[in-house]
Amino acid sequence: MNWPIVANNVQKAVLDTTVDLLSGIEDYRTSHNRKRRLAQQEESRKRRKQFEANADRLTVVSSETIDVDNALPDTNLTTALERPSVSKHLIVGINEVTRRLEQKVYAERVTRVALHSCTDKSPSCSLAVILVCRSDINPPILVDHLPHLVAALNSLRPEQPVRLVPLQPGAETLLSQAVGLRRAAVLGFDVRSSVI
């Protein structure tokens, strides 16, 4: 099974549109992770104080709660950032996208065998578009199974095909920065996304 051939200008347009679409996810992840980390540090400090107090045979009982928003020194991060709507329809990573494709192929095969027709129209794990930074992945064999899975799913469900789009070299850096992760070689958007 061969990879689809996509013109360079189309790859660039898809990449630019996707990066614009993913704006706000990095800020949300950074804020969310920082709040969680500060809460964990505060909880660790409390446990350490209790341990030290118990070691000295003193009992310290604290009934205060952790207020994460007030613990943040930067006022820009104290306001709760709302989760971007596109993040609810985004699947990031080779393993996650592969898992979603395999689940849907299995569900379609079971439905066809049992009923001789596809009556399951639920888009619970359906993907509409898969973006792959194939030239940035080393070794590329890590994503060589994706065209086969997409072809299997598209043959079982031709009325709702999944689009597989390989992106230009360097796309992984831009996408990983946009989603706020160290690596983001494969992105999937499900059919419920209003932007697809």
Which of (1) part of a loop (DSSP other than H, G, I, E, B); (2) at pLDDT 80 or above; (3) farther than 20 Å from Asn2 by Cα does Ile91 not meet, given it meets every other one?
(1)
Within region 122-167, track down each residue that is surrounded by fewer than 17 Cβ atoms within 10 Å (Cβ to Cβ) and under 15 Å from Val14 (Cβ atoms).
Ser135, Arg163
Tell me, which helices (runs of 4 or more DSSP H) wholly within region 1-82 include 3 or more residues that are modelled with pLDDT of 65 or more and either surrounded by 11 or more Cβ atoms within 10 Å (Cβ to Cβ) or in contact with a strand residue (DSSP E or B) (Cβ under 8 Å, 6 or more places away or on another chain) (or both)?
8-21, 25-55
Cross-chain or 6+ apart pairs with Cβ under 7 Å, region 169-181 first and under 19 Å from Val10 (Cα atoms) and without any contact (Cβ under 8 Å) to a residue 40 or more places away in the chain, then in a helix (DSSP H, G or I) and open to solvent by less than 20 Å² (accessible area, probe 1.4 Å):
none
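The values are calculated or read from the model by the stated rules, or taken from the named source; none is laboratory data. Fair warning: this is a prediction, and the values are worked out from it, not measured in the lab. Reconstructed Cβ throughout: ideal geometry from the backbone, glycine too, with neighbour counts over all protein chains shown. Protein only, heavy atoms only, side chains kept; ligands, DNA and RNA dropped before computing areas. Shrake-Rupley method; radii C 1.70, N 1.55, O 1.52, S 1.80 Å.
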